[in-house]
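The values are calculated or read from the model by the stated rules, or taken from the named source; none is laboratory data. Bear in mind the structure is a predicted one, so any value in this text is a computation, not a measurement. Here the Cβ positions follow ideal geometry from the backbone for every residue, glycine too, while neighbour counts run over all protein chains shown.
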Amino acid sequence: MRSSKNRSKEEILSDLLTRGVEDVIDKEHLESELRSGKVLRVKLGIDPTSPNLHLGRAIPLRKLRDFQELGHKIVIIVGDFTAQVGDASDKLAKRPMLKREAINEYLKTYKDQLGKVIDLSEAEFRYNSEWLDKLGFQEIAELAEQFSVQQMLERRNFRDRFEAHEEISLREFMYPLMQGYDSVAVEADVELGGFDQLFNLKAGRVIQKHYGQKEQDLMTFSMLDGTDGRKMSSSWGNIIALNDAADDMFGKVMSIRDELIIKYFILCTDVSMQEIEKMESEIASGTNPRDLKVRLGKEIVFLYHGEAEAERVALEFDRVFRDKEIPSDIEEVSVGMDTMIALELLMASGALSSRGEGRRLIEQGGMKIDGVKIDDVDSPIDIRNGIVLQAGKHKFIKIVK
């Protein structure tokens, strides 16, 4: 397992500008700035719209860490104001406005999660309510004058919603203006984001120019697919969270589709690109993808839980899934009943969050009781002597009365 600390400065610079990178504006200028010795102010905005940061959100965070290792100043903008408005970049329907109370609740553990990736002691933290709360209509009108409705409707998601006669709130048009104003407020030299953020990032350049500032360089990165093959998103529940327990994190990695293995190695680990290219060749030559997936799981757990936990979860995986044993340390849930039907038991166990998910899991053969598959949601389950419930490939729960 390879730590980022094993890389030379030239390797860090190369990875920074190429690894998982979709676009750089202006690449020649940014590379020149990076080699000049100048300390850059590198901005990333994070809207606290859910309690957990995930591996997809960690992609730009890992780039921030690279900038830190090269001696630059990273600026984390916590979007406590913009989270209320809601970024429509990847949304197919109008996003509801969040309450400030919910945002404050989500924020409680954000710094701890961010600290798993970046050096918090060297980071500058700002909350964009600091300046956005103070904007008046005069200044908002001046910001809005920099953009046209036609520009907004050229964005794919807005265009698709407009053509489908789906509602688009004027509030959603305001989001890029606010994100752009963040760049003015912190005098950003560089801004990072997923490639679905490109319009918002470019808005920062327009608004910086309006205020007489130098236009920031931009970097966008590949998006990470979640455990169900769609873009990783908290709203879809397909995430691998930075604060997942080591066993859960490893199990979720093992559940991703085989064709995503290389992409995860590139975007989520510190394994060198040379080694990843070898892995790609090995897969093409017939190597069992499961073996590389185990390596991937270990690398990711190593980053967020340390080497000892990475080795432990891999050994536990071998014991459970190759030797067909039950995990040595599983959660115990008391249901207070002698018998329950399968779907109700699955819900009572806490293994899944919705009855729809539970029904699908059972109908697809993903529920087992003491190793026996249950395929009827109404099957009565005897709990009097205690049972082991398996939900999916990696979730085991001991059920007692």
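Tabulated data
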quantity	calculated
Test set (1) without any contact (Cβ under 8 Å) to a residue 40 or more places away in the chain; (2) within 25 Å of Asp228 (Cβ to Cβ) - Asn385 fails condition number	(2)
Flag if Leu352 is aliphatic (A, V, I, L, M), within 22 Å of Ser334 (Cβ to Cβ), at pLDDT below 85 and surrounded by 12 or more Cβ atoms within 10 Å (Cβ to Cβ)	yes
Residue list for the stretch 388-401, filter: assigned to a strand (DSSP E or B) and touching a residue at least 60 places away in the same chain (Cβ under 8 Å)	Val388, Lys395, Phe396, Ile397, Lys398, Ile399, Val400
Flag for Lys111 being surrounded by 13 or more Cβ atoms within 10 Å (Cβ to Cβ) and assigned to a loop (DSSP other than H, G, I, E, B)	no
Matching entry among Glu299, Glu357 (being in a helix (DSSP H, G or I) and either at pLDDT 90 or above or touching a Ser or Thr at 6+ places or on another chain (Cβ under 8 Å) (or both))	Glu299
All positions within the stretch 318-344 that are of a type in the set (Val, Ile, Thr) and modelled with pLDDT under 85	Val320, Ile326, Ile330
Matching residues in the stretch 347-401 - criterion: being out of contact with any Gly (no Cβ under 9 Å at 6 or more places or on another chain) and among the basic types (Lys, Arg)	Arg355, Arg359, Lys368, Arg384
Criterion violated by Asp15 - all others in (1) under 30 Å from Asp160 (Cβ atoms); (2) modelled with pLDDT under 95; (3) surrounded by 17 or more Cβ atoms within 10 Å (Cβ to Cβ) satisfied	(1)
Residue check, Gln150 closer than 20 Å to His210 by Cβ and in contact (Cβ under 8 Å) with a residue 24 or more places away in the chain	no
